[in-house]
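Here, each number is a calculation from the coordinates, and none is a lab measurement. Quantities reported herein were computed from a predicted structural model and do not represent experimental measurements. Backbone-built Cβ (ideal geometry, glycine too); neighbour counts: all protein chains shown.
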Amino acid sequence: DQQVKQNSPSLSVQEGRISILNCDYTNSMFDYFLWYKKYPAEGPTFLISISSIKDKNEDGRFTVFLNKSAKHLSLHIVPSQPGDSAVYFCAASGGGSNYKLTFGKGTLLTVNP
Amino acid sequence: NAGVMQNPRHLVRRRGQEARLRCSPMKGHSHVYWYRQLPEEGLKFMVYLQKENIIDESGMPKERFSAEFPKEGPSILRIQQVVRGDSAAYFCASSIPGTYQETQYFGPGTRLLVL
């Protein structure tokens, strides 16, 4: 029973273009969503988050969009850089267990120079 | 660097031995979480601790696994009588208490290999 799904295992983008990573969730009690970036042999690094009371949050090149009715969120990276190449995890919490993060399986982003 | 620290980074054990994984949270953080990542999978929640208290261990296997966060010193995740299926990356995270939607910051992980 996967409550957070990242259906694209991998994504390849040209440097300078937009990267769009998608995430779907099934638990309507989730009210806080986070994106983490992970390089091989390192821990996840927090990128950006969004509360369910918002539909957009922006931080530099990173923007997260939340569509609650569709139970869908996306991470936009503009412009993409080769250093952005990593695995990106979507995570969610809420519903009384606001501390317990539920992760997707991740999307490997490759940004080609 | 006051980030989350974990040691060892790599740990090799033979079946039946014990594994002890340590985690020191970020300065000012008193909430600690342990997650496990199996190959090709996302991270799975194991346990949530505050100083001297286990708050939620619903993700921990019922046998062989235990965790503590003493008043002094790091948090310890202990796996007794390890089996090959315990081979995974174990990540610790910490957060600042007192906020409803807490962002968790992760350490570099301990990669456990059971031979």
Among the residues of segment B:63-115, which ones are on the phi > 0 side of the Ramachandran plot and among the basic types (Lys, Arg)?
B:ARG64
Answer residue from segment A:38-58, given it is away from chain B (no Cβ under 11 Å) and in contact (Cβ under 8 Å) with a residue 12 or more places away in the chain and is nearest to the chain's Cα centre (by Cα) among those
A:ASP55
Which condition from (1) among the hydroxyl-bearing types (Ser, Thr, Tyr); (2) within 26 Å of B:MET26 (Cβ to Cβ); (3) surrounded by fewer than 14 Cβ atoms within 10 Å (Cβ to Cβ) is the one that A:THR26 breaks?
(2)
Any chance A:ALA92 is among the aliphatic types (A, V, I, L, M), more than 15 Å from the chain's Cα centre (by Cα) and within 17 Å of A:GLN3 (Cβ to Cβ)
no
So which pairs qualify, if the first residue must be in segment B:47-61 and within 12 Å of chain A (Cβ to nearest Cβ), the second must be surrounded by fewer than 17 Cβ atoms within 10 Å (Cβ to Cβ) and hydrophobic (A, V, I, L, M, F, W, C), the Cβ gap must be under 9 Å, and the two must be at least 6 apart or on different chains?
B:VAL47/B:ILE54; B:VAL47/B:ILE55; B:TYR48/B:ILE54; B:TYR48/B:ILE55; B:LEU49/B:ILE55
Yes or no: segment B:25-32 includes at least one residue that is away from chain A (no Cβ under 14 Å) and in contact (Cβ under 8 Å) with a residue 60 or more places away in the chain.
yes
Taking segment B:62-115 as the search range and keeping residues that are assigned to a strand (DSSP E or B), of a type in the set (D, E, K, R) and touching a residue at least 40 places away in the same chain (Cβ under 8 Å), which one is surrounded by the fewest Cβ atoms within 10 Å (Cβ to Cβ)?
B:ARG78
Has segment A:72-81 got at least one residue that is aliphatic (A, V, I, L, M), surrounded by fewer than 23 Cβ atoms within 10 Å (Cβ to Cβ), under 20 Å from A:TYR25 (Cα atoms) and out of contact with any Lys or Arg (no Cβ under 8 Å at 6 or more places or on another chain)?
no
